[in-house]
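**Q** For reference, the structure I am asking about is given below.
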Amino acid sequence: MKKLGATIHKELLLLWRDKAGLLVLFVMPAVLVVVISLVQENILKIMGETGTRVLFVDLDGQTLGKNIEDKLREAGRLELIKKITAAEIDEQDAIEAINRGDFQFGIIIPEGFTDAIRRRTRQLAYKSLSMENAAFDKNTAIPDLIVYFDPAVRGTFRSAVMNALNSVILVTEVNEKLKVFSEILPQKIQKEIDATLGSFASEGINDTLPELKLDIDGKPLMQVKESSTSRKAFQKTPTSVQQNVPAWALFGIFFIVVPMAGALIKERHDGTLARLLTMPVSHLTLIAGKVAAYVLVCLAQFFLILLIGIFLLPLLGTPQLELGSESTALIIIVLSATLAATGYGILLGTFAKTYEQASMFGPISIVIAAAIGGIMVPIYAMPKMMQKISIFSPLQWGLDAFLDIFVRGGNLVTILPEVISLLLFFTATMIISWVFFFSRIRKGM
Amino acid sequence: MPSLADMNPPANSQNEDLRKGKAGQVLAADGLVKIYRGGEHPALDRCDITIHTGEIFGLLGPNGAGKTTTISILSTLLRPDEGRVTICGIDAVKHPNRVRRFIGLVPQEIALYSSLTARENLLFFGRVYGLGGRRLRKRIHECLEMVGLVDKADQLVATYSGGMKRRANLAAGLLHNPQLLFLDEPTVGIDAQSRNLILEKLIRLKEAGTTMIYSTHYMEEAEQLCTTVAIIDGGRIIAGGSPQELIRRAPGCSSLGELFLSLTGKQLRD
């Protein structure tokens, strides 16, 4: 036990003196969590959770242009900008502002839009009711409602804006049509009654015809309610912080492989390992001391990231990280993930011949495992093939377990498969390292 | 020039020189063979070594001769393919852990953690040897004093000069008072003063009864320090005995250096 304690103390002291290693272990994941959470928070805004700034030019200046503007504002998904400086902008100003990259979208309501729509609606109404009206017997051309967008804008954001606009246009169009029908339909009925009953029709019938008030401006009849499949009811919808903090904390935990592998290689090269191997201490004690020290460091690192999620990120405008009530499950996941990371560190440190090899291969392999594990892009957003590959990433197992607790309201039982996978990964890496290490010793280091 | 046959006594005679019976015997190696995977020749080919208490056994040889392999096997780092090693009466191949408390290793590399101080290094290695408390602190002070590093004990090893690092390296090997100390080129590449101090301390250790196996390329060092030397080449011991006896046996050689070159040749061994 004394020897194990000595090894742990030595490893912690070495890490404490390794400023670059500390930077990788503590500063890098902390910066990543803050930056990525803030960036992703903004992406969610662009995707439509809150207002995306859109230039709005109403060249029509009549009812429908105003209606569309009001409805877009009511929907709250787009923030309409009508002035860049003091003066109202025209179409050319909008195009230039988008070309400069100052705005990503511009909506142009063309001149004469209201008149054209109304004429066309009446034409359709008369035609569908087989009525004749000389004033509306020709098809009226409707000027296009134009949406300008920055070519650099991704398709998903473009479709978010287009969907918002299309739904408003649809409501406006239906409303216009109903208004016209409300006006024309009684005339048509009166005409038909007059034609059928002739002089039998008393004037009183006209007064008893119901007045049609077809209007859909009020609240829609059907509403869609968002609801997550969490096992427990969450008071708030899962935020980017709930997903990013565990994801990047996990990424940071796995970056322990760099200093860990480096320390192993250094010991091998500078002869300290040879000295240790001639001392009355078991290999198991030496390796357990190393693993224990790095697990402690990973726990400290994870704790730091949690503190950032709870205290720092809200100060920067993101929602606060909520840990849920399954603290035991959380500790088990962190321990399993840190063991998997240290196992990989030992594997890398055993196989790599030089520090350069480890410091190149280690981070690259972690970034790849993170990418396929859903740390950077959610797995559901990946192509089918990548989704299948993702199950081989230990980072995916860890992330899935964290999300189970943070987002899906999971518990000890639900995280068990991921925890077992992480522990099996640790065991496998240790066994492979052990076998390779002794085969190398037999060959003379 | 003396022929190799003149200076290289037959194997049996060599063994006679090296074996002096079991009384006071600290180390006995019999028929050591080591063949590395992919190696054309054995790295060690039926080597026999016997070392008695208080001896400094010099292991001399050109690069690639088999010195490091020999030290690795004797210090329990490497298992031989064939042969036996007994240290302090214990079979070192079967029970390496039991032997390790009696041996100390001063590797050719500076086998210390450079980002720790000398004291922190010794504290760690001492604890791994099972020492602790006041006894360990006292022993650390003694070892640092012996190598002249008491004043610099709390300085990071990385900031040490080459000579200071070598001396600290020696201190780490002495920490637990080993009965048998392996020194693999402990004076390579250091200043004259540090080298002199190390040699003086080794003589003091010998007088105190510590047995040493000393590998070096400096023949004058071996001649001055070692009670017995073995010249190894191609994995085999080609000459063995006290330095004076070996020189006496080789006509035309006035020093161990001349004898070494005449036995191993002057061609470069890179």
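The values are calculated or read from the model by the stated rules, or taken from the named source; none is laboratory data. Keep in mind it's a predicted model, so treat the numbers as computed, not measured. A quick note on method: Cβ atoms are made from the backbone with ideal geometry, for glycine too, and the neighbour counts reach across all protein chains shown. For accessibility, only protein heavy atoms count, side chains too; no ligands or nucleic acids. Shrake-Rupley method; radii C 1.70, N 1.55, O 1.52, S 1.80 Å.
**Q** Return yes when residue A:66 is assigned to a helix (DSSP H, G or I) and surrounded by fewer than 18 Cβ atoms within 10 Å (Cβ to Cβ) and no when it is not.
**A** Values: assigned to a helix (DSSP H, G or I): yes; surrounded by fewer than 18 Cβ atoms within 10 Å (Cβ to Cβ): yes.
Yes.
**Q** Looking only at segment B:1-40, which residues are modelled with pLDDT of 85 or more and either under 25 Å from residue B:212 (Cα atoms) or loosely packed, with under 12 Cβ neighbours inside 10 Å (or both)?
**A** B:25, B:26, B:27, B:28, B:29, B:30, B:31, B:32, B:33, B:34
**Q** Filter segment B:164-179 for residues that are away from chain A (no Cβ under 11 Å) and either touching a Ser or Thr at 6+ places or on another chain (Cβ under 7 Å) or surrounded by fewer than 24 Cβ atoms within 10 Å (Cβ to Cβ) (or both) and give the result. Reasoning before the result, please.
**A** Of the residues in segment B:164-179, the ones away from chain A (no Cβ under 11 Å) are B:164, B:166-168, B:170-171, B:174, B:177, B:179.
Result: B:164, B:166, B:167, B:174, B:177, B:179.
**Q** Let me ask something additional. Taking the residues in segment B:248-270 that are among the hydroxyl-bearing types (Ser, Thr, Tyr) and assigned to a loop (DSSP other than H, G, I, E, B) as candidates, determine which candidate is nearest to residue B:47 (Cα to Cα).
**A** Among them, the one singled out is B:255.
**Q** If you go through segment B:63-98, how many residues are open to solvent by 10 Å² or more (accessible area, probe 1.4 Å), farther than 20 Å from residue B:109 by Cβ and assigned to a loop (DSSP other than H, G, I, E, B)?
**A** 8
**Q** Give all pairs with beta carbons closer than 7 Å in which a residue from segment A:347-371 that is more than 24 Å from residue A:399 (Cα to Cα) meets a residue that is part of a loop (DSSP other than H, G, I, E, B) and open to solvent by less than 40 Å² (accessible area, probe 1.4 Å); count only pairs at least 6 apart in sequence or on separate chains.
**A** A:358/A:352
**Q** Based on this model, can you work out whether residue A:322 counts as of a type in the set (Asp, Glu), within 27 Å of the chain's Cα centre (by Cα), away from chain B (no Cβ under 14 Å) and surrounded by fewer than 20 Cβ atoms within 10 Å (Cβ to Cβ)?
**A** yes
**Q** Related question: Of all the residues that make up segment A:356-399, how many are surrounded by fewer than 24 Cβ atoms within 10 Å (Cβ to Cβ) and either acidic (Asp, Glu) or not in a helix (DSSP H, G or I) (or both)?
**A** Of the residues in segment A:356-399, 10 are surrounded by fewer than 24 Cβ atoms within 10 Å (Cβ to Cβ) and either acidic (Asp, Glu) or not in a helix (DSSP H, G or I) (or both).
**Q** Let me ask something else. Going through segment B:104-118 one residue at a time, which ones are β-branched (Val, Ile, Thr) and either within 27 Å of residue B:92 (Cα to Cα) or open to solvent by 40 Å² or more (accessible area, probe 1.4 Å) (or both)?
**A** Applying the first criterion (β-branched (Val, Ile, Thr)) to segment B:104-118 yields B:106, B:110, B:117.
Listed by number, the residues that qualify are B:106, B:110.
**Q** Moving to a separate point now. Within segment A:326-338, can one find any residue that is more than 24 Å from residue A:241 (Cβ to Cβ) and modelled with pLDDT under 90? Can you show your working first?
**A** Residues of segment A:326-338 more than 24 Å from residue A:241 (Cβ to Cβ): none.
Scanning segment A:326-338, I find no residue that is more than 24 Å from residue A:241 (Cβ to Cβ) and modelled with pLDDT under 90, so the answer is no.
**Q** When both residues are 6+ apart or on different chains and their Cβ atoms are under 8 Å apart, which pairs have a first residue that lies in segment A:379-393 and is assigned by TED's automatic domain parsing to the domain that holds residue A:425, and a second that is open to solvent by less than 40 Å² (accessible area, probe 1.4 Å) and of a type in the set (S, T, N, Q)?
**A** A:379/A:390; A:379/A:396; A:382/A:390; A:390/A:396
**Q** While we're looking at this one, here's another question. Under 8 Å between Cβ atoms, at least 6 apart or on separate chains: pull out the pairs that start in segment A:1-13 with a residue that is at the interface with chain B (Cβ under 7 Å from one of its Cβ atoms) and on the phi < 0 side of the Ramachandran plot and end on any residue that is small (Gly, Ala, Ser) and surrounded by fewer than 16 Cβ atoms within 10 Å (Cβ to Cβ).
**A** Here the result reads A:2/B:130; A:2/B:132; A:3/B:130, each pair linking segment A:1-13 to a residue that is small (Gly, Ala, Ser) and surrounded by fewer than 16 Cβ atoms within 10 Å (Cβ to Cβ).
**Q** So residue B:121 ticks every box in (1) touching a residue at least 40 places away in the same chain (Cβ under 8 Å); (2) at the interface with another protein chain (Cβ under 8 Å from one of its Cβ atoms); (3) buried (at least 21 other Cβ atoms within 10 Å of the Cβ) but one. Which box is left unticked?
**A** (2)
**Q** Please go through segment B:55-89 and give me each residue that is β-branched (Val, Ile, Thr) and within 12 Å of another protein chain (Cβ to nearest Cβ), ordered by number. Steps first, please.
**A** First, the residues of segment B:55-89 that are β-branched (Val, Ile, Thr): B:56, B:68-71, B:73, B:76, B:85-87.
Of everything in segment B:55-89, those that are β-branched (Val, Ile, Thr) and within 12 Å of another protein chain (Cβ to nearest Cβ) turn out to be B:68, B:69, B:70, B:71, B:73, B:76, B:87.
**Q** I'd like to verify a number: residues in segment A:79-116 that are at pLDDT 85 or above, among the β-branched types (Val, Ile, Thr) and in a helix (DSSP H, G or I), how many?
**A** 2
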